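*Asks:* Okay, here's the structure, questions in a sec.
The values are calculated or read from the model by the stated rules, or taken from the named source; none is laboratory data. For clarity, every value in this text was computed on a predicted model and none was experimentally measured. Glycine also receives a Cβ, built like all others from the backbone with ideal geometry; neighbour counts cover every protein chain displayed. Accessible surface areas use protein heavy atoms only, side chains included; no ligands, DNA or RNA. Shrake-Rupley method; radii C 1.70, N 1.55, O 1.52, S 1.80 Å.
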Amino acid sequence: MPKNSNLRDVDCSVFSATRDAASRVSTNLFAGANATKEFEFLCTCSGVELSPERIARIEGWNEFGIDWSGLLRLAEHHGVLPLVARNLSAHAPRLPSEIQQSLRIAFEENARRNLWFATELIRITDQFEKKNLPAIPYKGPVLAESAYGDVALRNFGDLDFLIAPADFERAKQALAELGYRPSKEMSAAVERFWLRNGYECVFDGTAGKYLVELQWGLLPRFYSVDLRVEELLARAGRTLLGGRELVSLSGEDSLLALCVHAAKHLWMRLIWICDIAETMRTQVVDWEVFCARAREIGVVRMVAVSFFLVRTLFGISMPGPAQEIVDGDPRVRDLGEQFAARLARSATYDFESTEYFRWILKLRERRRDRVRYLWRLTWTPGEGDIAAVQLPEALFPLYRVVRAVRLMRKFF
């Protein structure tokens, strides 16, 4: 895969697992959280290049009394079923025949779906290029191919494109020519308002609903993680998908985007942590640039917790700069252990609850970012606020008041 010439290579040997990698999965942390042996085994199976210790653990599966139906449910919930299927098929001898069949069917179904998405991504990319419309496909097939080495090894259900807000109307028209329509129709006035206050628009196609997302931000505006898409486009590199060269996020921006995305969802699914681990393993990262960028937008703690979870769940050694990020914040260990324990229990969150908002506050290391987050959370209108009250365009600024009132009603 083509690499950016200005990046320094990272010695891939730093990612090789330590001698006690398998035992790290079975830490006291998991025991205290009442983690099942199925979850521990799931962590062992969730990776592309497994250490000899992890392979040995998979080969000795019959010693652990695995509940296979429970394991498969967990694998599907955490989005790692393709990896589990591939690693069990390769390293687990004498699996029950019905389990082998279930794994094979699941893997093949995912592969067929992903190949369709990959083909569609190239079709959309070609359309954007014909229109001279800059866009970066990320996550989905691009992530599967670049980080996992095989588009069939990661589960996904849509295609994401990063665009500049000024290009949204042209991108929407380009998608319309391919049969895609916004999942929620907006008037021109509301659309202009949403481009200033939202961060994405979802599209339906002839093959189903919610298939494509156009995003002009990595996160909703109220999170106060201000990383302009125009800057991402200026730093973009190239990658290959099915022999086709595509624009892609730089190694630093890709890793940063995955950490921020996982933090937004409070690391609820194992696949998001696996994405970070595989990206660190396969991509070229200039760590000085990466750290500077994380500090600039105030997400060092989100990054540090992400790296802590990679090390804790998969027993993977960190490159020196990544370990320094983890060790540089005394709150990371406690936060990481709490999130790991919740992940082991498959705990969920209400993303409109005070509990969730408090967690996000704890993940911002700088006071000014916490203040800015609370301010924007209170005053930035969301889709629900716009749907709750229909206002004429001249009164759109009042949606801020609608937002504040609805929040107060919810929490008080």
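*Asks:* Per the Kirkwood formula on distinct C-alpha pairs, the Rh of region 225-316 is how many angstrom?
*Replies:* One decimal place: 13.7 Å for the Kirkwood radius.
*Asks:* Considering only DSSP beta bridges where both residues belong to the chain, give the percentage that are antiparallel (nearest 5).
*Replies:* Antiparallel bridges make up about 80 percent of those DSSP assigns within the chain.
*Asks:* Rolling a 1.4 angstrom probe over the protein heavy atoms, how many square angstrom per residue are accessible across region 48-121?
*Replies:* 50
*Asks:* Assign one of three labels to the chain, namely rounded, prolate or oblate, based on the Cα gyration tensor with a ≥ b ≥ c the square roots of its eigenvalues; rounded applies when a/c is under 1.5, prolate when it is not and a/b is larger than b/c, and oblate otherwise.
*Replies:* prolate
*Asks:* Shifting gears a bit: Mean 1/r over all different Cα pairs, inverted: what Kirkwood radius does region 188-239 give, in Å?
*Replies:* That comes to 12.8 Å for region 188-239.
*Asks:* For the chain, what % of the accessible area comes from carbon and sulfur atoms, probe 1.4 Å?
*Replies:* The nonpolar share, carbon plus sulfur, comes to 52 percent.
*Asks:* Next question. Provide the solvent-accessible area of HIS91, counting protein heavy atoms only and rolling a 1.4 Å probe, rounded to the nearest 10 Å².
*Replies:* Probe radius 1.4 Å; accessible area of HIS91 about 50 Å².
*Asks:* With every protein chain left in place, what is the accessible area per residue of region 242-299 in square angstrom, probe 1.4 Å?
*Replies:* So region 242-299 comes to 25 Å² accessible per residue, rounded to a whole number.
*Asks:* Roughly what % of DSSP beta bridges within region 88-244 run antiparallel, to the nearest 5?
*Replies:* Close to 75 percent.
*Asks:* Once you have the alpha carbon radius of gyration of region 93-207, what is it after dividing by 2.2 N^0.38 Å, with N set to its residue count?
*Replies:* Normalised Rg, Cα atoms only: 1.32.
*Asks:* Listed highest first by mean packing, meaning other Cβ atoms within 10 Å per residue, what order do 266-277, 145-156 come in?
*Replies:* In descending order of packing, they fall as 266-277, 145-156.
*Asks:* Could you check how many percent of all C-alpha pairs in region 299-412 are farther apart than 25 Å?
*Replies:* 41
*Asks:* Which distance in Å, rounded to a whole number, links the C-alpha centroids of region 118-159 and region 283-323?
*Replies:* Region 118-159 and region 283-323 have Cα centres spaced 25 Å from each other.
*Asks:* How do 94-103, 203-212, 132-141 rank on mean C-beta neighbours within 10 Å, highest first?
*Replies:* 132-141, 203-212, 94-103
*Asks:* Once you have a ≥ b ≥ c as the square roots of the Cα gyration tensor eigenvalues for region 161-262, tell me rounded if a/c is under 1.5, and otherwise prolate or oblate according to whether a/b is larger than b/c.
*Replies:* Judged from the Cα gyration tensor, region 161-262 comes out oblate (a/c at least 1.5, b/c at or above a/b).
*Asks:* Using only DSSP helix segments of four residues or longer, with each worth -39500 (n - 2.57), what per-residue ellipticity at 222 nm results for the chain after dividing by its residue count and rounding to 500?
*Replies:* -17000 deg cm²/dmol
*Asks:* In whole percent, what relative contact order does the chain give with Cα contacts below 8 Å and a gap of six or more residues?
*Replies:* Dividing the mean separation by the residue count of the chain yields 20 percent.
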